[in-house]
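Here the structure is laid out as structure tokens; the discussion comes afterwards.
Read-outs throughout are calculated quantities, based only on the coordinates presented, and are distinct from any laboratory measurement. It should be emphasised that the depicted structure is a prediction, and the values quoted were computed from it without experimental measurement. Cβ atoms come from the backbone with ideal geometry, glycine included; neighbour counts cover every protein chain shown.
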Amino acid sequence: MLKTFAILLAILALPQSLHAQDVSFEALWQNVKFNAPGIKSSISLAEASEATRSRARLHWLPRIYTQGRFFSTNDPGLSFFSLLSQRNVVSSDFNPSTLNHPEHQLVTQGSLGADIALFEGFSKVAEARMMDFQAEGRNAQYLVAVQKHFSDSLRAYAMRLVFMEEHRQLQDLKEKLVSILSRYRVGQTSNPIGYTGLLGLKNLKNRIDGLLNRLENLDYSQKEMLRGMGASLSSEWLPVRERAQTFMRARRGGATIKASRESTYTKSAKQMARAASEMKVIQRARWMPKLGLFAEGNLTNGERATSTSYAGGLYLQWNLFSPTNIKQQAEAEALAASAQTQAIGVEMQAIAEADAAKDAITKIEMNLSLLDESSQMLDEQTRVSKELFQTGSMNALQLAEVLNRRVDLLQDRADAETALIEAHINYYLATASEEPL
């Protein structure tokens, strides 16, 4: 029901997303979720596994079969026994000449039977349990795929916020720099300090231009990455303006990202390990007897008569020796042990990654607070430096140094926000246990 509702939301959001300049993350995510080939593939695998589980649960039902054939024969054996099945053998049929050279016959035969296993070494029960675990594992893998697409979408959206903010501030700084270069004569060759300052300001402008081009390329790559995931948005779409730090904090603390010690990826590994453990029982059953009941009714129609017969009873099957069974149980036990060890490793790694990411988030948030304080002080320093430059109390070289520090601080903050995004993503992937909304 929830999946259907999400798809309807995506369909409703799609036309708006195609034309709007500003796109919310929720609209972007529904767009990706509805269109992503990777998610569709995971859904199909989960559905196939559910079908397998349903089939395995019916192992206790009897096998019912039918078969029939119509043939023409003058074979001595087939001819005689077909007459016998018609219950119409006469004394002349035992004549040696008739037995050895029977006449041509047309015979129709049909059978309807049932076979129910009473004991199979618990292999079918174990197989049903294994399919249950595999289905749960496939469902978890579907969620892993959804969470991976969600985290990639989250990362791309947040990175675009970082690029947009850095681009906006660099562009603003560039405009101020261009204004300074156009309004003041700072480059007289007779004034070495002024000329050096002019070169410094021009070099700073070139640096800003290079950074702006780099940000535009990075922004484009994020849009292309989302398009490769299935997002069908216009090439000019923009995320709703917000600081990436605030954006990530809101989604970690809200219902979109819910943490759990047993992540979906951990659950998937555990379920697959349980499925591998059931294979030990299935392989052990190869050496055990099989007991069952059977019943079969037959109908034979020939040139003399039509007759029916039946047979029913108990059967026993036991492979006392089969080369293909050798070491099968040992192989299953080794694979089960490997899967169990892998599941333990996945859980330990998820816990370690979650703790590391949580610690990183705290430290990066503190660093961002310090950078914001430094930014406020540098803003004031830049304002004062510009006034001093206008009055001639500060030369162009000194102003260029202040503005360069401003660019450095912008890059430091963008790098810190990028690291914060990655830490949030790592924490989410290590702890997510539900389907993102």
Margin query: Just to confirm the number: angle between the C-alpha axis of helix 2-19 and the first principal axis of the chain, 0 to 90 degrees, nearest 10?
Written below: 40 degrees
Check: Helix 25-35 versus the longest principal axis of the chain: what angle, 0 to 90°, nearest 10, using Cα atoms?
Finding: 30 degrees
Next item on the list: Rounded to whole Hz and in sequence order, give me ³J(HN,Hα) for segment 337-345 from the Karplus expression 6.51 cos²θ - 1.76 cosθ + 1.60, θ = phi - 60°, writing x for Gly and Pro.
Entry: 5, 5, 5, 5, 5, 5, 5, 5, x
Check: For segment 2-431, what's the relative contact order in percent, using C-alpha pairs closer than 8 Å and at least 6 residues apart?
Finding: 25 percent
Note to self: Please report the net charge: other residues with Cβ closer than 13 Å to the Cβ of residue 269, K and R +1, D and E -1.
What the structure shows: +1
Next item on the list: Could you go through segment 42-54 in sequence order and give the Karplus-derived ³J(HN,Hα) for each residue, using 6.51 cos²θ - 1.76 cosθ + 1.60 with θ = phi - 60°, rounded to whole Hz, and x for Gly and Pro?
Entry: 5, 4, 5, 5, 5, 5, 5, 5, 5, 5, 5, 4, 4
Check: Size of the dipole of the chain about the Cα centre, Lys and Arg at +1 and Asp and Glu at -1 on the beta carbon, nothing else charged, in debye to 20?
Finding: 160 debye
Note to self: Give the lysines whose C-alpha is closer than 18 Å to that of residue 202, dropping any in the same chain fewer than 8 places away, or say none.
What the structure shows: 174, 176, 386
Next item on the list: Please give the helix 264-284 orientation as an angle from the longest Cα principal axis of the chain, in degrees from 0 to 90, rounded to the nearest 10.
Entry: 20 degrees
Checklist line | Formal net charge of residues neighbouring residue 117 (Cβ-Cβ distance under 13 Å; K, R +1; D, E -1) | finding: 0
Notebook entry, point to check: Residue by residue through segment 204-210, which ³J(HN,Hα) values in whole Hz follow from phi under the Karplus form 6.51 cos²θ - 1.76 cosθ + 1.60 (θ = phi - 60°), with glycine and proline marked x?
Noted result: 5, 4, 4, 4, 5, 4, x
Margin query: Give the lysines whose C-alpha is closer than 30 Å to that of residue 33, dropping any in the same chain fewer than 8 places away, or say none.
Written below: 3, 148, 223, 258, 267, 270, 358
